[in-house]
2 protein chains.
Amino acid sequence: MGEEVITIAHGGGGTRMRELLEREIFPILGLNEPYFSEDAAILDAPGKKIAVTTDSYVVQPIFFPGGDIGKLAICGTVNDLSMRGAVPLFITLGLVLEEGLPLNTLRKVLESISLWAKEANVRIVAGDTKVVGRGQADGLYINTSGVGYLKDNCEISLSAARPGDLLVINGYIGDHGIAVLGGRDGTPFETGVESDCAPLSRLVSEMISSGEIHALHDPTRGGLASALKEMAQASRCEFVIEESSIPIRDNVKAVCEMLGLDPLYVANEGKLLASIPEACVNDILRAMRKNPYGRSSVVIGKVVEGRAGSVVLLTPMGTKKILRIPSGEQLPRIC
Amino acid sequence: MGEEVITIAHGGGGTRMRELLEREIFPILGLNEPYFSEDAAILDAPGKKIAVTTDSYVVQPIFFPGGDIGKLAICGTVNDLSMRGAVPLFITLGLVLEEGLPLNTLRKVLESISLWAKEANVRIVAGDTKVVGRGQADGLYINTSGVGYLKDNCEISLSAARPGDLLVINGYIGDHGIAVLGGRDGTPFETGVESDCAPLSRLVSEMISSGEIHALHDPTRGGLASALKEMAQASRCEFVIEESSIPIRDNVKAVCEMLGLDPLYVANEGKLLASIPEACVNDILRAMRKNPYGRSSVVIGKVVEGRAGSVVLLTPMGTKKILRIPSGEQLPRIC
C-alpha cells in the first residue's frame, strides 16, 4: 500500500473532494459541515468598525523548528489585525495543494491550524481548496484572510508615531528567519534557534488596556529594519535607535555572522514594534513583561522631528549609521 | 533588452518589492499607497450582519476566451457573497507569483482586476504579494476573500430550498469550462465558446427586490449537476429537473460530445441556480430577463418532498435518470 497522497481529483468539485473535506479537513478543523458548504458565511458584525487583512504563506520548509506553515498562517493574519488594535475574530482559509502532497502532511498542517486558531481565539468561517499538478506548487500554499473588530476610539496606525514617543520591541529579533533557514535541507549546521511565531492578539489587548499606543507594526519580511523604516516613513518622523539595546540571541548573532546576514533584516513572526507616548511606556512595558510573548520587551529608541522617514542607528562606538532597506530579501520564502 | 519579469527579490520585503507595489500594483488598482501599507484595513462595518468568503484561483491558461484569472478572481468572490443575498463591498487580494512571470502579464491581470472590481462595485482593501521560484507555481495564483453586508431579513441559504419551489437558472451552462479548455495550448480545435464569467451581484439584488428567494448557489466546479446535488442535500429535498429545459449552446454540446464530457458537470462562472417559491417565480424571472446576465433565465425543475438529497432528471424520452456526482473533475484547473 502506497502512502495516501493528494490527487488532482481532490480539487475537482466531485465526490473525492467532498471526501477530502468531510473526512479530513472539516473534522480536524472542528467545522460543522452544512454551515461550511455555503458559498459565504453569514456572521454578526461585531461593531461599527471592522479590520480586514490578507496574507499568503509559501514558507519552505513546511515544518521548521518552532512552527509550521499552518501556525504561521494563523499567527501572521491574527498579528496583522492586532497591529491595528483590532480584536481578531474570523479567519478564511484558502489551500493550494500540489498533487502528490502526502495526506499526512496536510493533516499535520490542519491540526496546527486548528490548535493555533483556538489559542488565538479566532474562528475559521470560510475555506477553499484547490489542487494543482506536480511542479505547479511546492507542497502547499495557504492564504488566510482575517476580519476583526475595533473597539471605540482605537486609532492605532502605522502613520501615527509622533515625536516624543519611545519605540518598544517585545523581545529577541531574527529568530524566525534563522529557524526556517536551519530547517532547510542542506543547511550544514544546527542553528539551535526556534521560530518566535506566536499570536500577539492577547499581548496587544493587554498593552491597549495599560496605556495609549500610537503605532504598531510587525517586523516580518525585511525584519526589524524594514518595520522601522516603514513606520518612520508613514509617520513622517525620524527614528533614533540605540543599536546595542536591540535584543538578539547569541546563536542568532553567530549564524548571521557565519552567513553574512544582518539580523536587523531577518524576519520575525512573533514580534511587534510599538511607538508609545513616553508617559505611557512604563505601564505598558510592565504589562508586556507579564505576557509570555512579551517577557523580554525593551525600549530600543525614540521618535524625533528630524528628517521624515529617516532611521538612525547609534552604534556602541558612538557613531551614527543611516539604516537602508536592501533591494530584496536575504532569505527567500521565509513566510 | 530582455523582457521585464518577476524575480525572487520582488517578494522579499525590500526596495524591489516596494517598487513593484508602488510603480505597478498600486497605480493599476488605483490604491492610495499610505493607506495600503497598513497591516490591516479599518473599514466601516456596513450593517449588523456581514458575509465572508474566500477563493483561490489557479485557472490555466491565465487568459482564456471571455476572461482571465483576474476577472475570475473578482467575479467568483463577488458571486459567492451574492449567493447569500449579501451586497459585496470589500475584496482582499493575495498574489502568489512565479519567478520569471512577465511583468506585462501581471499588469494585464491587475488591469482586469481593477476593471471588474469597478464593474462589481467592490473595493480592494488589503493585499499581499509572494514570489516563489520557477516550477513552484504556474505563472500566478490569486486568492480573493470578500466581505459583504446583509440587508435585514435576508435568509437565503443553500439549505433553504423548500417543496413547492421552482428551480431557475439564469442562462446557458458549460460555457466557462469549454472556453478555458479551448484556450489551452494543444487544444486541436476552435470551440468558438466564450466564458460566461460575470459578476452577478446586481442581478441578485434585482431578484431580491422582485420577490422571495429561498436558496441560491453558483454552479462552478462540478457544474450544474454538483450545484443541484449540493442544494438538494443541504435542503433535504428532492429536485426534479426537466433535462430538455436546461439551456446549453449548440457549440458547447458539440465540443462535449466530441470529448465525451457531460455539460451538466462543466464549470460556469456567471451562472446561478435559484430556488424560488412558485408564487414569486414570474416576477423574479421578469426582473432577471431585463439584466444582461439574466436574459436567458428559465425554470428547469421543481423541488418536491421525495427523497432527501436526490436529483432526478426527466429525459426527453420520458425516462428518469438519477443524477450522480463523479469522483473528480472532468477538467482540472478550471478556476
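What follows draws every value from the coordinates through simple rules; no lab data is involved. All values derive from a computational prediction rather than experimental measurement. Because the Cβ atoms are built from the backbone with ideal geometry, glycine has one as well, and the counts that use them run over all protein chains shown.
Computed from point charges on the beta carbon alone (+1 for Lys and Arg, -1 for Asp and Glu), the dipole magnitude for region A:165-322 about its Cα centre is near 160 Debye. Restricting the calculation to Cα atoms, region B:38-150 shows an Rg/Rh of 0.99 when the hydrodynamic-style radius is the Kirkwood one. With kT/(6 pi eta Rh) evaluated at 20 °C and eta = 1.002 mPa s, and Rh the Kirkwood radius from Cα pairs, region A:188-271 diffuses with a coefficient of 146 µm²/s according to Stokes-Einstein. Determine the shape class of region B:74-208: with a ≥ b ≥ c the square roots of the Cα gyration tensor eigenvalues, call it rounded for a/c under 1.5, and otherwise prolate if a/b is greater than b/c, oblate otherwise. Oblate shape, in that a/c is at least 1.5 and b/c is the bigger or equal ratio.
Within region B:201-221, what residues put their amide N at less than 20 Å from the label point 7 Å along the Cα-to-Cβ vector of B:ASP283? Hits in region B:201-221 for B:ASP283 at 20 Å: B:202-216. Summing Cβ point charges (Lys, Arg +1; Asp, Glu -1) relative to the Cα centre of region B:233-335 gives a dipole of roughly 160 debye.
Let me have the relative contact order for chain B, percent, based on Cα pairs under 8 Å that are six or more residues apart.
Relative CO of chain B lands at 22 percent.
Aspartates and glutamates near A:LYS320 by alpha-carbon distance under 12 Å, same-chain residues fewer than 8 away left out - which ones? Filter leaves A:GLU242, A:GLU243. GNM remark for chain B: springs join alpha carbons under 10 Å apart, and the peak mean-square fluctuation among B:ILE325, B:ILE241, B:ILE62 falls on B:ILE325.
Comment: the Cα-to-Cβ extended label point of B:ALA279, at 7 Å, lies 6.5 nm from its counterparts in the other copies, nearest first. The mean number of partner chain beta-carbon atoms within 10 angstrom of a residue's beta-carbon across peptide B:232-239 is 1. Where only DSSP H runs of four or more residues are counted, chain B gives -8500 deg cm²/dmol as its mean residue ellipticity at 222 nm, each run worth -39500 (n - 2.57).
Can you work out the FRET efficiency for the pair B:GLU3 and A:LYS48, with r the C-beta to C-beta distance and R0 = 41 Å, to the nearest 0.05?
E(calc), rounded to 0.05, equals 0.30.
Within the same chain, aspartates and glutamates fewer than 8 places from A:LYS48 are excluded, and of the rest, those with a Cα less than 20 Å from its Cα are A:ASP80, A:ASP152, A:GLU155, B:GLU38, B:ASP39, B:ASP44, B:ASP152. Here chain B was treated as a single set of alpha-carbon atoms; its pair distances binned every 20 Å from 0 give 31, 54, 15, 0 percent. Considering only B:ASN121, B:LEU166, B:ILE50, the residue lying farthest towards the positive end of the dipole of region B:31-187 is B:LEU166, judged by Cα position with unit charges set on Cβ. Computed from Cα atoms alone, the Kirkwood hydrodynamic radius reported for region A:216-335 is 15.2 Å.
With the charge dipole of chain A set up from +1 on Lys and Arg Cβ and -1 on Asp and Glu Cβ about the Cα centre, the Cα lying farthest toward the positive end among the listed residues A:LEU331, A:VAL240, A:ASN251 is that of A:VAL240.
Other protein chain C-beta atoms within 10 Å of residue C-beta, averaged over A:133-141: 5.
Placing +1 on each Lys and Arg Cβ and -1 on each Asp and Glu Cβ, with no other charges, gives chain A a dipole about its Cα centre of roughly 680 debye. Choose one answer from A:SER157, A:SER112, A:SER205: the residue with the largest mean-square fluctuation in a GNM of chain A with alpha-carbon springs under 10 Å. Result: A:SER205 has the largest fluctuation of those listed.
A Cα-only calculation for the protein assembly as shown places Rg and Dmax at 25.7, 92 Å. Region B:133-280 gives an Rg/Rh value of 1.02, both radii derived from C-alpha positions and Rh following Kirkwood.
Plainly put, the tip 7 Å out from Cα toward Cβ on A:GLY47 is 2.2 nm from that tip on each other copy, the closest given first.
When you restrict to C-alpha pairs under 8 Å that are six or more residues apart and normalise by the size of region A:129-216, the relative contact order lands at 35 percent. Summary for A:SER245: label point 7 Å along Cα→Cβ; distances to the equivalent points in the other copies, ascending, 7.5 nm.
Bridging of A:LYS130 to lysines at a Cα separation below 23 Å is possible for A:LYS71, A:LYS108, B:LYS71, B:LYS130, B:LYS229, B:LYS271, once same-chain residues fewer than 8 apart are set aside. Considering all C-alpha pairs of region A:150-211, those separated by over 18 Å amount to 57%. Rounded to 0.05, the FRET efficiency of the A:LEU314 and B:ILE322 pair, given R0 = 60 Å and the Cβ-Cβ distance, is 0.20.
Positive-end ranking of A:ILE74, A:THR7, A:ASN32 along the dipole of region A:1-89, with charges on Cβ about the Cα centre, is headed by A:ILE74.
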